[in-house]
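In what follows, a single structure is set out as structure tokens and then discussed.
The values are calculated or read from the model by the stated rules, or taken from the named source; none is laboratory data. What you see is a predicted model; the values in this text were computed from it and never measured. Cβ sites come from the backbone with ideal geometry, for glycine too, and all protein chains shown count toward neighbours. Areas reflect the complete protein model, heavy atoms only, side chains present, ligands, DNA and RNA absent. Shrake-Rupley method; radii C 1.70, N 1.55, O 1.52, S 1.80 Å.
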Amino acid sequence: MEKKNLDWANLGFGYMQTDKRYVSNYKDGAWDEGTLTEDTNITLNECACVFQYAQTIFEGLKAYTTEDGHIVTFRPDLNASRLADSARRLEMPVFPEERFIDSIKQVVTANAAYVPPYGSGATLYIRPYMMGTNSVIGVKPAEEYQYRVFTTPVGPYFKGGAKPLTIRVSDFDRAAPHGTGDIKAGLNYAMSLHAIVSAHKEGYDENMYLDPGTRTKVEETGGANFVFITKDNKLVTPKSDSILPSITRRSLMYVAEHYLGMTVEHREVYLDELKDFAEAGLCGTAAVISPVGKVVDHGREICFPSGMAEMGPVTKKLYDTLTGIQMGRIEAPEGWIYRIL
């Protein structure tokens, strides 16, 4: 297949319109067959539930060109399952998980010319999402919904390599106790916008949110899960009912144990522990792992021994192994790689 004439090596991490997107509508208790369309616009009534009460959820995953030339995506079954969990929590109809995977296959196949070539450092980002579409003025769930998937080619999240980040301990809470922190709802991200803008104004790259109950335990940043490396090379990831279950984090835990022979601990992580870790990072679909060099807790600097110059050595091994699996350079666990073309 002939690829689009794009400057693949210099793509940014932003939106670029591609040829096709997938749409399916829910009405009278059932999803329609779904279709591919060239229309990028959505027309809704001014009183649509998504506008009034933020009844919307989403996912994010990528399609890659592997070393042997195939187009694949990474663990889409987990995205399907997580979207279903999000839908149930917001009283939305579940889009069937097998249809979710088929919709990904359809939209990536239709936009295969936009999947960056192997070795370019770029990928095709895939955004499935769902929203309440009928008019709702009383506070209640919608009765009609739309599920959509669009794609956009993106460059590496960090141009010129991943430089360690400086993060502040936030005074804001990301999620309420027993709230929606463990699902991928748009409302969770809306509430984080003021916190991230204010962090940037103060010279920080991101926020570290603490648990909303006691504010003593590390949770996440709002867009990524934390991973920590102990001085004796254990991988530690925070555990909480209000942390989004990152697919990248779960994959890194498996890679650490089964590929790198590390001990893995998924447990509560206290803010007071940070000084004892050797390395830290943020993990998610966009960058896989972003190294963290420093956490600032209201003026108190917690500097990790890995430093501010480059990714720590263990974090780098985790990054290289997982991206190697995604790109086909390293054999993947069964079921992790879904071949599209």
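Structure data summary
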read-out: Local electrostatic count at Thr237 - Lys and Arg +1, Asp and Glu -1, tallied over other residues with Cβ under 15 Å; value: -4
read-out: Amide hydrogen neighbours beyond the local backbone of Val269, cut-off 5 Å, H modeled; value: Val218, Lys239
read-out: Percent accessible area from carbon and sulfur atoms, the chain, protein chains only, probe 1.4 Å; value: 49
read-out: Heavy-atom accessible area ranking, 1.4 Å probe, most first, across Leu260, Leu78, Leu252; value: Leu260, Leu78, Leu252
read-out: Rg/Rg_ref, region 1-146, where Rg_ref = 2.2 N^0.38 Å and atoms are Cα; value: 1.15
read-out: With DNA, RNA and ligands ignored, accessible area of Glu268 (1.4 Å probe; Å², nearest 10); value: 90
read-out: Listed residue (Val227, Gly324, Met262) projecting farthest to the positive dipole end of region 190-341, Cβ model; value: Gly324
read-out: Given charges at Cβ of Lys, Arg, Asp, Glu: region 188-341 dipole, positive-most of Tyr338, Ala199, Ile302; value: Tyr338
read-out: Residues of the chain: accessible area per residue with a 1.4 Å probe, Å²; value: 45
read-out: Diffusion constant of region 94-172 at 20 °C, which comes from Stokes-Einstein with the Kirkwood Cα-pair radius and 1.002 mPa s, µm²/s; value: 132
read-out: Using alpha carbons only: equivalent-ellipsoid semi-axes of region 229-286, gyration tensor based, whole Å; value: 17, 16, 10
read-out: Tail beyond 29 Å, pair distance distribution of the chain (Cα, percent); value: 41
read-out: Over the chain: helical MRE at 222 nm, DSSP H runs n ≥ 4 each giving -39500 (n - 2.57), nearest 500; value: -6500 deg cm²/dmol
read-out: Set of lysines near Lys140 by C-alpha distance (under 28 Å), chain-local residues within fewer than 8 positions excluded; value: Lys27, Lys184
read-out: About the Cα centre, charge dipole magnitude for the chain (Lys/Arg +1, Asp/Glu -1 at Cβ), debye; value: 480
read-out: Derived scalar couplings ³J(HN,Hα) [region 89-98; Karplus, 6.51 cos²θ - 1.76 cosθ + 1.60; whole Hz; x for Gly, Pro]; value: 5, 9, 6, 10, x, 6, 7, x, 5, 5
read-out: Rg over Rh [alpha-carbon atoms, Kirkwood Rh] for region 190-339; value: 0.96
read-out: Computed over region 16-59, Kirkwood Rh from alpha-carbon pairs, angstrom; value: 12.6
read-out: Simple Cβ-charge dipole of region 100-211, Lys/Arg +1 and Asp/Glu -1, about Cα centre, in debye nearest 20; value: 380
